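Heads up, the thing below is written out as structure tokens.
The values are calculated or read from the model by the stated rules, or taken from the named source; none is laboratory data. If you're wondering where the values come from, they're calculated on a predicted model, not measured in any experiment. In this analysis, Cβ positions are derived from the backbone assuming ideal geometry, glycine residues included, and neighbour counts consider all displayed protein chains. These area figures cover heavy atoms from the full protein model, side chains too; ligands, DNA and RNA do not enter into them. Shrake-Rupley method; radii C 1.70, N 1.55, O 1.52, S 1.80 Å.
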Amino acid sequence: IIFQPEIRRALAELVKQHVFTTARERTLVDQIIQAVNLLAERKIGALIAVEREIGTRVTQETGTKIDSLVTPELLASIFYPHTPLHDGGLIIKGDRIVAAGCLFPLSQREELSKSLGTRHRAAIGMTEETDAIVIVVSEETGTLSVAYKGRLSRGLDEERLRRVLSAVLLKNPKAKNRWMRAREQLDLTPEGVAKTDSIMAEEFEKNGE
């Protein structure tokens, strides 16, 4: 009884922080999707990594350091042809762009399709060495792809891209256990993406999203 007001304040602060974190991550997903849709429509190539638990400082140092909030306009403008930083990878940490024009490590796996270009191999390579999730926009076709845990899923539409990014990046307290299981077991083969779609759709419907 003595500490009841203090406990209420502490709980209120904890809830505010969690809501803020979830809202910020949700906004990040929206901003990335807006940017890559804009780039895909114009067939402008892009390579965007979102850092998670494993740091990417070594890769950041191969490019130009930036400290800016993520916005669709800035993301798109960085990859616009003939701009200084367009030819390389961009890294997001939290809700900020931390570097652009970076050289991502190329995957050396021999079983990868010979049709994969440098961007796609770099996306896979980045996810082989870190737990980042990497979005690729093809310069030739405007196709959207995602790499995660060393695997690549190509030809995603906006809804599938949103669900994959949400499964990895969002922290929804209402569905914490389901989100964690989906994230840990995320399979980016076509069959795996379809399975993830059904799990995420169920969660969105349950939570009224």
Sequence ranges 146-156, 105-115, 47-57, 66-76, ranked by mean other-Cβ count within 10 angstrom, highest first: 146-156, 47-57, 66-76, 105-115
Accessible area of region 90-158 belonging to carbon and sulfur atoms, whole % at 1.4 Å probe: 47
Alpha-carbon centroids, region 36-89 and region 114-150: separation in whole Å: 13
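What net charge do the residues around GLN60 carry, taking every other residue with its C-beta under 10 Å from that of GLN60, with Lys and Arg at +1 and Asp and Glu at -1?
Working: positive: ARG57, LYS65, LYS93; negative: GLU51, GLU61.
That sum, taken over residues with Cβ under 10 Å, equals +1.
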Three-way shape call for region 59-108 based on the alpha-carbon gyration tensor, with the a/c threshold at 1.5: oblate
Rounded accessible area per residue of region 77-152, 1.4 Å, Å²: 46
Net charge of neighbours whose Cβ lies under 15 Å from the Cβ of PHE79, counting Lys and Arg as +1 and Asp and Glu as -1: -2
